[in-house]
1. Could you check Gly127 against (1) within 16 Å of ligand 1 (Cβ to nearest atom); (2) on the phi > 0 side of the Ramachandran plot and say which number it fails?
2. Please give the helices (runs of 4 or more DSSP H) falling wholly within region 90-189 in which 2 or more residues are away from ligand 2 (no atom under 16 Å from the Cβ) and either of a type in the set (S, T, N, Q) or within 22 Å of Gly51 (Cβ to Cβ) (or both).
3. So Glu206 ticks every box in (1) touching a Leu at 6+ places or on another chain (Cβ under 9 Å); (2) touching a residue at least 60 places away in the same chain (Cβ under 8 Å) but one. Which box is left unticked?
4. How many of the residues making up region 194-251 are surrounded by 17 or more Cβ atoms within 10 Å (Cβ to Cβ), modelled with pLDDT of 95 or more and in a loop (DSSP other than H, G, I, E, B)?
5. Starting from region 97-118, take each residue that is on the phi < 0 side of the Ramachandran plot and list its partners that are among the charged types (D, E, K, R), counting only C-beta distances under 8 angstrom and pairs at least six apart or across chains.
Amino acid sequence: MSTLEIRDLRAGIGGKEILRGVDLTVASGEVHAVMGPNGSGKSTLAHVLMGRAEYEVTGGSVTIDGVELLGLPTWKRAHAGLFLAMQYPIEVPGVALDEALRESFAASGRDAGEVGDLLVKEAARVGLDPELLSRAINVEFSGGEKKASETVQLAVIRPRFAVLDEIDSGLDLDLLRAVSRRVEAQTSEDALGVLAITHYNRLLHELRPDTVHVLVKGRIVTSGGPDLPEELERTGYAAYGEDDAPATSAPGRAAADDPFA
Ligand code: ADP
Ligand code: MG
C-alpha cells in the first residue's frame, strides 16, 4: 500500500504561474480523475509530477510514501514508482519499444528476459500490432497506436502510480474500451493508483473513479464522486469560475466537447 501525496504544488513556466496550489492524495488501487477546461494546467501538473525540466516549481511537495520527488531527475521518479502517459507521446527515432523496456527492466534490477513475452501478451490485450514493438517508438504510429503503446508500457512496467494525460484522446470506441479495461484491471489486480486526466466521461465508465477533481486556473475548485462528470456534461465549467475567462479561450461546455483541443 503506497500513497502519492501532492501538497500545495505551485509551478509555472517563463515566469507565468500555472499551478497555484494543488492538493491531491492518491492511494494504491484508487482512481482519481482530473477534469477541467483547456489551459487550466492539467498537462502542466502531469509534466511537473514527472519532472519535465522547463517547468519551474515554486512551492509545495510531491511524495511517494514520504519520499520527496521534487528535485529528482525523471528516471529517479520512475524508479520511485511513477509513470506518465503523455497527452502527446513523443517520437523516439532509432529506439524500439522492446529495447527501451529491456533497458528499463535491467536498470531497475528486473529480468530483461521477460520483456519479450510480456510485450506480446500486453499488445494482444489492447489490439496493438506486435510488429510495432520492435519499431522506433511512436515513429509513424497513428494516434490510437501511440495511446495503445503507452498502455502496453504501463502494463509491462507495472509502476505504483500512473498519470494518464488524456489517454482516451484519439481512440475509437473499441480501443477506448480495451485501454480503459486494461488500466482498470491493473488498479484491481496490481493496486495501481491512477491520476486520469480526461475531458470525457466515457473513459470513466470502465475506469471507475473513486474521486473526480475539477482543475480551473491551476487550482482544484471542487472534488466529487463518480457522478460529477455527468453533472459537468450538463453544466460545463461556468459554475467554477470559468465564465470570466477571456473571450479568446473557449470556456465551459464548448471546450469540454472539442475533441481537437
Ligand atoms: P491543459 O492541459 O489543462 O489544457 P496546460 O497545462 O497544457 O493546460 O497549459 C496551461 C497553461 O500553461 C496554458 O496557458 C499554456 O499555454 C501554458 N503552458 C503550458 N506549457 C507551456 C510551455 N511549455 N510554454 C509556455 N506556456 C505553456
Ligand atoms: Mg493538456
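The values are calculated or read from the model by the stated rules, or taken from the named source; none is laboratory data. Please read these numbers as outputs of a predicted model, since none were measured by experiment. With ideal geometry, Cβ positions are generated from the backbone for all residues, glycine too; neighbour counts draw on all protein chains shown.
1. Condition not satisfied by Gly127: (1).
2. It comes to 97-107, 143-157, 173-189.
3. (2)
4. Adding up the residues that qualify gives 4.
5. Leu97/Arg135; Phe105/Asp111; Phe105/Glu114; Ala112/Arg102; Ala112/Glu103; Val115/Asp98; Val115/Arg102; Gly116/Asp98
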